[in-house]
Amino acid sequence: MTSSKAFLYLVFFSSFHFFTAFSTEFTVGGDKGWVIPKDDQLYNEWAGKNRFKVNDTLTFEYKKDSVLTVTQEEYEKCKSVHPIYFSNNGKSIFKLDRPGLFYFISGVSGHCERGLKMIVKVLEPASPPDQVADHSTGPSTSGAAHLAKVVASPSHVVVFVVSLFGAIFI
């Protein structure tokens, strides 16, 4: 294999790592996992110390228990007849697919009341800063200026660079 092809493969596979860096997998409760806590606010304190964004995942690890995603009302009552999500397989992975609040409780009787529950707040996606239109020069005569701004965005630059290396070295 030539060094140029090896370099191309390195850039190509590195780009996968770059794109997966946009989401994080959190293990709820760290090494202890999803267990009845000594402090009934343990999981909410843990969640408050983290910053969750859309597409992050929560991994719940437990023995002889379960995890439910519920409404706020069901969270407050520690009871759900029709949870939004239910799993009891010992290792549940839940994807945070939208911004807002998510409510989790244990499905085992009495565990939620003893503190095995958690609220997670998922942040709104970052939006690009509003661009102020420059009206001093009058209307644009072409879309070239707009195209230059679009092409120069960071994600487009990465895709362009990876594509450029592919075109040069293949």
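The values are calculated or read from the model by the stated rules, or taken from the named source; none is laboratory data. All values reported here derive from a predicted model rather than from experimental measurement. Cβ coordinates were reconstructed from backbone atoms using ideal geometry, including for glycine residues, and neighbour counts include every protein chain displayed. SASA here: full protein model, heavy atoms, side chains in, ligands and nucleic acids out. Shrake-Rupley method; radii C 1.70, N 1.55, O 1.52, S 1.80 Å.
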Next item on the list: Name the helices (runs of 4 or more DSSP H) wholly inside region 1-86 in which the number of residues that are modelled with pLDDT of 95 or more and not aromatic (Phe, Trp, Tyr) is 2 or more.
Entry: 42-48, 72-77
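Here is a yes/no grid of residues against (1) closer than 20 Å to residue 45 by Cβ; (2) among the hydroxyl-bearing types (Ser, Thr, Tyr); (3) out of contact with any Asp or Glu (no Cβ under 9 Å at 6 or more places or on another chain):
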| position | (1), (2), (3) |
| --- | --- |
| 67 | yes, no, yes |
| 96 | yes, no, no |
| 109 | no, yes, yes |
| 113 | yes, no, no |
Margin query: Looking at (1) within 13 Å of the chain's Cα centre (by Cα); (2) exposed (fewer than 14 other Cβ atoms within 10 Å of the Cβ); (3) not basic (Lys, Arg), which one does residue 109 not meet, given that it meets all the others?
Written below: (1)
Check: What are the residues in region 61-91 that are within 9 Å of residue 107 (Cα to Cα) and among the β-branched types (Val, Ile, Thr), if any?
Finding: 67
Check: When only residues in region 55-93 that are hydrophobic (A, V, I, L, M, F, W, C) and buried (at least 20 other Cβ atoms within 10 Å of the Cβ) count, which is nearest to residue 34 (Cα to Cα)?
Finding: 60
Check: Are there any pairs, at least 6 apart or on different chains, whose C-beta atoms fall under 6 Å, with the first in region 24-45 and without any contact (Cβ under 8 Å) to a residue 60 or more places away in the chain and the second aliphatic (A, V, I, L, M), and if so, which?
Finding: 26/58
Item checked: Hits in region 112-127 - residues which are open to solvent by less than 100 Å² (accessible area, probe 1.4 Å) and either within 23 Å of residue 66 (Cβ to Cβ) or in a strand (DSSP E or B) (or both) -> 112, 115, 116, 117, 118, 119, 120, 122, 123
